[in-house]
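Visitor: Please see the structure below; I have some questions.
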Amino acid sequence: MRVSAVAIVLAAIAVTGAIAIPSGNPAFLDRAIALECVFIALAVLTFAGYKKQLYACIPLAVIVMVGNSLAPPHVEIMTTFSKPLNAIVLITGGYILQIALIATAVLELQKRRKVATASSQKRI
């Protein structure tokens, strides 16, 4: 069985989140852990070969990017690089990997739709 690109991106997001959580604001620890658990669950489901969770990846990635953009401390860290490691982790996990998640999920959904259409054409 081939591992999908979506599963790899989700695993990378989970690892990046695990690196970022200890350096984050303790007041938001519960939400950070909950979000991390969501990404881990999506990664496990994707590695297991399920398909429906791919639809959840796209809005989740958008929410993460918007949330990072609307959080003044995140914007300050990313624009000033006052904490270089935090800035790199925020940019990588909060934008680059989220864009990769959207792109790979869309491509995977398109591929599956193409396969489903081709198999239904054969039955006719």
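Every read-out reported here was derived from the displayed coordinates using simple, explicitly stated rules and does not represent laboratory data. These numbers come from a predicted model, not from an experiment. For neighbour counting, all protein chains shown are included, and Cβ atoms are generated from backbone atoms with ideal geometry for every residue, glycine included.
Visitor: Over the stretch 5-117, what is the mean sequence separation of C-alpha contacts under 8 Å (at least six apart), divided by residue count, expressed as relative contact order in percent? Kindly include the intermediate steps, with their values, before the conclusion.
Guide: Details: 88 pairs, mean separation 40.3, N = 113.
Reported as a whole number, the value is 36 percent.
Visitor: Quick one: putting +1 on the C-beta of Lys and Arg, -1 on the C-beta of Asp and Glu, what dipole do you get for the chain around its Cα centre, in Debye to the nearest 20? All intermediate terms of the calculation are to be shown ahead of the outcome.
Guide: Working: 11 positive and 4 negative charges, 189 e Å.
Approximately 900 debye in magnitude.
Visitor: If each residue's Cβ is checked for other Cβ atoms within 10 Å, how do R2, R31 rank with the fewest at the top?
Guide: Fewest-to-most ranking of R2, R31: R2, R31.
Visitor: Ok, one more. Looking at P72, G17, C37, which one has the Cα that reaches farthest to the positive end of the dipole of the stretch 4-110 (charges on Cβ: Lys, Arg +1; Asp, Glu -1)?
Guide: Result: C37, furthest along the dipole toward the positive end.
Visitor: Could you run the Karplus curve 6.51 cos²θ - 1.76 cosθ + 1.60 with θ = phi - 60° over the stretch 99-113 and give me ³J(HN,Hα) per residue in whole Hz, x for Gly and Pro?
Guide: These are the phi-based 3J(HN,Hα) values: 5, 4, 5, 4, 4, 5, 5, 5, 4, 5, 5, 5, 4, 5, 5 Hz.
Visitor: Shifting gears a bit: If we sort 48-57, 107-116 on the protection proxy, mean other Cβ atoms within 10 Å, highest first, what's the order? Walk me through the numbers before you get to the answer.
Guide: Numbers: 48-57: 13.9, 107-116: 12.0.
With the highest mean Cβ count within 10 Å placed first, the list reads 48-57, 107-116.
Visitor: Follow-up. Could you work out the local net charge near I91, counting Lys and Arg as +1, Asp and Glu as -1, over the other residues with Cβ closer than 14 Å to its Cβ?
Guide: So the surrounding residues net to 0.
Visitor: At each listed q (0.19, 0.21, 0.22 Å⁻¹), what is the log10 of I(q)/I(0) that the Debye formula gives for the chain modelled as equal alpha-carbon point scatterers?
Guide: These q points yield log10 I(q)/I(0) values of -1.01, -1.18, -1.26.
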